[in-house]
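A.B. asks: Structure below; questions to follow.
The values are calculated or read from the model by the stated rules, or taken from the named source; none is laboratory data. What you see is a predicted model, and the numbers here were worked out from it, not measured in a lab. Don't worry about glycine lacking a Cβ; one is built from the backbone with ideal geometry, like all the others, and counts go over all protein chains shown. Surface accessibility is based on the protein's heavy atoms, side chains included, excluding ligands, DNA and RNA. Shrake-Rupley method; radii C 1.70, N 1.55, O 1.52, S 1.80 Å.
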Amino acid sequence: MGRLLQAALWTIVTQAITIAPGWEQRLTNELHKIARNESQKYNCSVSIAFRSARGKAAAAFGAVDPTGAPATTRDVFVWGSVTKVVTGASILRLVADGKLALDDAAAPYVDRFLARLGVAWTLGDLWGARNVSSTSIRDLLGMTSSVPDFDTANPCFPQPCKLTDPMRQLLYTTKRPYGPLDLLALPWVNASWRPPCKAFSPMLEPFCYSSTGFMLLGMVLGLFQNATSIAAVDQSVYLPPSIKSRAGFVSNGKPPASYTRVHGTARTSYDAPAGQTKHEDVFEIPGVFAGWSASDFVGDAQAAADVAYAIYGSKRVTPNADLMIPGNGTKKKAIYGLATFDLASSTGQKGDWGVAYGHMGATYGYQSLIAYFPKLGAAIAVGTSLETDTQQHPADTLCFAYNKAVDVVYGVAHACSFAAGPYYGGACAREPIPVPQLVRRVPSWNR
């Protein structure tokens, strides 16, 4: 009976109460404190942006270059695998428009695009006809294919240990760009079709992360745009014009220095072996953007938050964006949907308040994260100038940014904490939001 009364009370207040004016400035002030704390904690620049239907807030802190120039909210960051959300949503738009189906074999589309580029071989020649014939568009989007990953940046635990990262070594030593065809020609890609993708446990959906698969999806997108070169493919084709003016996709082989003043620092096991302080400034390395439609999005944090909101919130990119959410249409728990991670561990909440999804972004020298919170009806983006093995700093920042956003919007003050983990960000912890306090303010955009 108590739950029924609670639900009825919630329905009443959501219809009658709106948030107080001035929340944007209050949230901006709080995000600035968070950016400062996280920047000092991890010794990197941090940019945070919030986006909802009713407004925005953003803050940045830290040094963006060796001279100590301070970060601003206008600074462009490198977002790595956040790119996959845009690529995935664009493919789903083609599905919504009836141009292809999720369960179509991917190889015929890719092969037709390769032929336009003047390539004489096919994916069947590369990996075997039987292997590629059973790989669908859905498999590539959902990371359930066995397409070998060109990225070899796997963490090395426990230390001291010997880490081999041939892709990183190649990028650092040659200092030249690597396009999609170059990556498909790498020996650990073109001769190593992996075993069938399996789940981490019987309760989870299969999951085999591969940026190569999203590079192939970029080719599918290019086919339907009648593009005759990689550079001619418009990865932003379905994004709202207001976002296009503040964000871009890199396909010309230039380094981060061509797009931003923010220097990225790599402090992985490869860059700084145990007991050493070596690090790599990737500012002039073109290979930072290796992976094309899997990892080449650049823009300020507000643009990244706007991308997340446009895809998951307003669904302006594709009307079937709900297909991207992990677990949709399946009975098992999924850590990855279609171009989308389950990010519940970054909220510190349970139930509806604990639902979050989006994508982590890790590339050479930069790591980031975008997330959408359906209960709050808002998106948050975190960009940083640091790459580490564990990728904890973007999730750490998101933990505090999300919970502070709930505090400001709903007038609820609670402390939260972040517990470091071995990989992919650790976990956020916070006490559940008490319903009696929740009714004080309810955002009008959630009605």
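A.B. asks: For segment 338-349, take each phi angle, set θ = phi - 60°, evaluate the Karplus expression 6.51 cos²θ - 1.76 cosθ + 1.60, and give the result in whole Hz per residue in order, putting x for glycine and proline.
C.D. replies: Coupling constants for segment 338-349: 10, 6, 8, 8, 7, 10, 4, 5, 8, 9, x, 10 Hz.
A.B. asks: Sort Arg316, Arg26 by heavy-atom solvent-accessible area, probe 1.4 angstrom, most to least.
C.D. replies: Working: Arg316 145, Arg26 90 Å².
Largest accessible area first, the residues go Arg316, Arg26.
A.B. asks: Taking only Cα atoms and a 10 Å spring cutoff, compute GNM fluctuations for the chain and point out the largest among Val237, Val46, Val86.
C.D. replies: Taking springs between Cα atoms under 10 Å, the residue moving most is Val237.
A.B. asks: In Å and from the alpha-carbon atoms only, list the Rg and Dmax of segment 278-349.
C.D. replies: Taking only Cα atoms of segment 278-349, I get Rg and Dmax of 15.9, 47 Å.
A.B. asks: Right, next: Relative to the compact globular guide of 2.2 N^0.38 Å, what is the alpha carbon radius of gyration of segment 191-240, as a ratio? Can you show the working numbers first?
C.D. replies: Numbers: Rg = 15.6 Å, N = 50, 2.2 N^0.38 = 9.7 Å.
Working it through for segment 191-240, the quotient is 1.60.
A.B. asks: Give the accessible surface of the chain per residue, rounded to a whole number of Å², with probe radius 1.4 Å and ligands, DNA and RNA excluded.
C.D. replies: Details: 18070 Å² over 447 residues.
That works out to 40 Å² per residue.
A.B. asks: Where q = 0.10 Å⁻¹, what log10 of I(q)/I(0) comes from the Debye formula for segment 93-225, counting one point per Cα?
C.D. replies: Taking Cα atoms of segment 93-225 as identical point scatterers yields -0.37.
A.B. asks: Using only DSSP helix segments of four residues or longer, with each worth -39500 (n - 2.57), what per-residue ellipticity at 222 nm results for the chain after dividing by its residue count and rounding to 500?
C.D. replies: Result for the chain, helices only: -9000 deg cm²/dmol.
A.B. asks: A follow-up question, please. Report the extension gain between Asn29 and Phe207 in nm, rounded to one decimal, defined as 0.36 nm multiplied by the number of residues separating them, less their alpha carbon distance. Mind dumping the intermediate values first?
C.D. replies: Details: separation 178, 0.36 × 178 = 64.08 nm, distance 3.92 nm.
Between Asn29 and Phe207, full extension yields 60.2 nm more.
A.B. asks: Which of the peptides 94-100, 340-346, 393-399 is most tightly packed, and how do the rest follow, going by the mean number of other Cβ atoms within 10 Å of each residue?
C.D. replies: Working: 94-100: 14.6, 340-346: 23.9, 393-399: 27.4.
Per-residue Cβ counts within 10 Å, averaged per peptide and sorted highest first, yield 393-399, 340-346, 94-100.
A.B. asks: Sticking with this one: Between helix 83-96 and the chain, what is the angle of the helix's C-alpha long axis to the longest principal axis, kept within 0 to 90° and rounded to the nearest 10?
C.D. replies: 90 degrees
A.B. asks: Please determine, in degrees from 0 to 90 and to the nearest 10, the orientation of helix 23-42 with respect to the longest principal axis defined by the Cα atoms of the chain, where the helix direction is its Cα long axis.
C.D. replies: Tilt of helix 23-42: around 50 degrees.
A.B. asks: I've got another one for you. Take the Cα gyration tensor of segment 213-300, multiply each eigenvalue by 5, square-root it, and list the three semi-axes largest first, rounded to whole angstrom. Mind showing how you got there, number by number?
C.D. replies: Working: eigenvalues 178, 48, 22 Å².
In descending order, the three semi-axes are 30, 16, 10 Å.
A.B. asks: Counting each pair of different Cα atoms once, what's the Kirkwood radius of the chain in Å, rounded to one decimal? Display every interim value, and only then the final one.
C.D. replies: On the way: mean 1/r = 0.0448 Å⁻¹.
When all Cα pairs of the chain are included, the Kirkwood radius is 22.3 Å.
A.B. asks: Using only Cα atoms, what is the ratio of the radius of gyration of segment 76-168 to 2.2 N^0.38 Å? Mind showing how you got there, number by number?
C.D. replies: Details: Rg = 16.6 Å, N = 93, 2.2 N^0.38 = 12.3 Å.
So segment 76-168 has a normalised radius of gyration of 1.35.
A.B. asks: Does anyone have the angle between helix 211-224 and the longest principal axis of the chain? Alpha-carbon axes, 0 to 90°, nearest 10?
C.D. replies: Approximately 80 degrees, to the nearest ten.
A.B. asks: So, with a 1.4 angstrom probe, what is the percent of accessible area on the chain that is carbon and sulfur?
C.D. replies: Numbers: 9860 of 18070 Å².
Its accessible area is 55 percent carbon and sulfur atoms.
A.B. asks: Another question, if that's okay. With 24 Å as the limit, write out which pairs from Lys56/Lys375; Lys41/Lys278; Lys84/Lys333; Lys41/Lys254 have Cα-Cα distances beyond it, or answer none. It would help to have the intermediate numbers written out before the result.
C.D. replies: Details: Lys56/Lys375 17 Å; Lys41/Lys278 19 Å; Lys84/Lys333 21 Å; Lys41/Lys254 31 Å.
Exceeds cut-off: Lys41/Lys254.
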